[in-house]
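Structure first, then comments.
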Amino acid sequence: MIEPLIPPEKRPGRHREVIVREVVNAIFYLLSTGCQWRALPKDLPPRSTVHDYFKLWEWDGTLERIHFTLFVQVRELAGKEASPSVAIIDSQSVKSAERGGAEIDPIGYDAGKKIKGIKRHIAVDTLGMMLIGQIQSASVQDRDGALSVLAEVRRLFPFIRKIFADGGYQGEPTATAVALNGQWELEVVKRSDKTKGFVVLPKRWIVERTFGWLGRCRRLSKHVENLTRSALAFLRLAMIRLMMRRIARLQL
């Protein structure tokens, strides 16, 4: 599925000796188990080789291209248009793990959830497939962090007409920002104050299910990366793995 999207070896130059499929397996092993780079099994390529390819594909846009191509395939196999018309937006605060050294990309504190770490801000379609993902400081409020997410959604998916969100996005500033980004309708799905326990809310359950899918990857259980771009790369890889499995199942 993804072999045609991975850049070939450079010519002229030394021939590529590493098996790229094994590099991909090693990256997915890291994603699934959450182990350290130096704890990679010996039957996989050396950790330095795997890390170099991981940083290269994150830097040159390979992961972004793979994600977008698989996203289109999933929607078409499900009988939908390639570009969605509805998006659901939400965020997830994630605790930061203890690590030594200076913080290159600073983390924050979410006073509402009492979490010190980062915030994953994503927008998904009605299938639960991620349109856009961003890594932000946990101190950024949802209505402020949504502005950059919606601007990126507008750039890549111009046919979106409606945005579903929770109560954290209500208010005049968010509505104004949505109107400036495009001819969108923002619908805030609120939870009743009288409701106790878990209740499935219309449309909002879709993005919550996506966070549940992402939680199957132990690498994403905590924020362990020193760079937010590395954390975003693993977030994309988790969705790439999910979409590859979805495509394989739909093509049976």
For peptides 165-176, 39-50, sequence by mean Cβ density within 10 Å, most packed first
165-176, 39-50
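Normalised by the residues of the chain, what does the relative contact order come to in percent, with Cα pairs under 8 Å and at least six apart?
23
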Across the Cα atoms of the range 61-220, what radius of gyration and what greatest pairwise Cα-Cα distance (Dmax) are found, in Å?
16.2, 49
Whole-Hz ³J(HN,Hα) from phi, Karplus 6.51 cos²θ - 1.76 cosθ + 1.60, for the range 110-126, glycine and proline x:
8, 5, x, 9, 6, 10, 9, x, 10, 10, 8, 10, 10, 10, 10, 8, 6
Step through the table entries 95/190; 95/119; 55/119; 113/222; 162/190; 116/222, compare each Cα-Cα distance with 20 Å, and write down the pairs that go over it.
95/190; 55/119
Is it possible to state the helix-based mean residue ellipticity at 222 nm for the chain, with each DSSP H run of 4+ residues giving -39500 (n - 2.57), the sum divided by total residues, to the nearest 500 deg cm²/dmol? What is it?
-13000 deg cm²/dmol
Over the range 208-252, consider all pairs of different Cα atoms and compute the Kirkwood hydrodynamic radius from their mean reciprocal separation; express it in Å, one decimal.
11.4
Sorted by mean Cβ packing within 10 Å, highest first, what order do the peptides 213-223, 114-124, 14-24 take?
114-124, 213-223, 14-24
Dipole-positive endmost among 230, 62, 1 within the chain (Cβ charges, Cα centre)
1
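We did not get these values from a lab; they are worked out from the coordinates using the rules stated. The structure displayed is predicted, hence computed values, not measured ones. Cβ atoms come from the backbone with ideal geometry, glycine included; neighbour counts cover every protein chain shown.
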